[in-house]
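Worksheet for the structure shown next.
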Amino acid sequence: YGTGQRQPCLFICPAARVYKWEHEIGRCAPDRRVLSIVGNGPEREARRESVREQLSGGTGDGGQVLVTSYDLLKRDIRFYEDIHFRYQVIDEAQYIKNAATQSAKAVKAIDVRTRFALTGTPVENRLSEIWSIFDYLMPGFLFASQHFKKEFENPIVRDGDEDALLRLRRHLGQFVLRTVERAV
């Protein structure tokens, strides 16, 4: 599915934000069909069946945006396995801060061309959290987790190594956009 020019996009967010994203996408991209994959099992199945029909050429061009939550993505992951998405956006990316969780594995399992991660807190407790988010965005960019731990996390956290911190900042700087709040 999804091999045409207008491939679908997938937004994954906390459950409480699904309808907010549906509304915002509809407002900012009114030419795109937005469908939230939410509800109980039968309701989600009906929505997924509609998507399958559209993507297989039945009733649409596949140029839609699907929005779902992390929890529902984990439950419905088999549905997403045969769809190629153009974009995938994860909101509140700290949901995948632990690479071993089902949420992290589910978002990383999606076949997608371009990925984005939105988060206000990329690191809450451990430096490995930033590794997990970048492993989603660009697998291998921060090396294997053990190499990252040896080259960056241990020297920075355990030893206070400023050189290692500077190297990590240089490595990541071009990929991290940050907003700055200004007092009025």
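The values are calculated or read from the model by the stated rules, or taken from the named source; none is laboratory data. Just so it is clear, the model here is predicted, and its values are computed rather than measured. In this analysis, Cβ positions are derived from the backbone assuming ideal geometry, glycine residues included, and neighbour counts consider all displayed protein chains. Surface accessibility is based on the protein's heavy atoms, side chains included, excluding ligands, DNA and RNA. Shrake-Rupley method; radii C 1.70, N 1.55, O 1.52, S 1.80 Å.
Filtered by the rule that a residue be of a type in the set (D, E, K, R) and in a strand (DSSP E or B), the range 23-56 gives a lone residue, R33. Condition check: farther than 15 Å from R86 by Cα, out of contact with any helix residue (DSSP H, G or I) (no Cβ under 7 Å at 6 or more places or on another chain), open to solvent by less than 70 Å² (accessible area, probe 1.4 Å) and modelled with pLDDT under 90. Does G57 satisfy that? Judged against the criteria, G57 is a match.
Do the conditions hold for V107, that is, is it of a type in the set (V, I, T) and over 14 Å from the mean Cα position of the chain (by Cα)? Answer is no for this residue. Residues in the range 63-91 that are of a type in the set (S, T, N, Q) and farther than 16 Å from N40 by Cα: Q64, Q88.
Checked against (1) touching a Ser or Thr at 6+ places or on another chain (Cβ under 8 Å); (2) farther than 16 Å from L10 by Cα; (3) surrounded by fewer than 20 Cβ atoms within 10 Å (Cβ to Cβ), D76 meets all criteria but (2). When residues in the range 89-119 are screened for being open to solvent by 20 Å² or more (accessible area, probe 1.4 Å) and touching a residue at least 24 places away in the same chain (Cβ under 8 Å), 18 of them pass.
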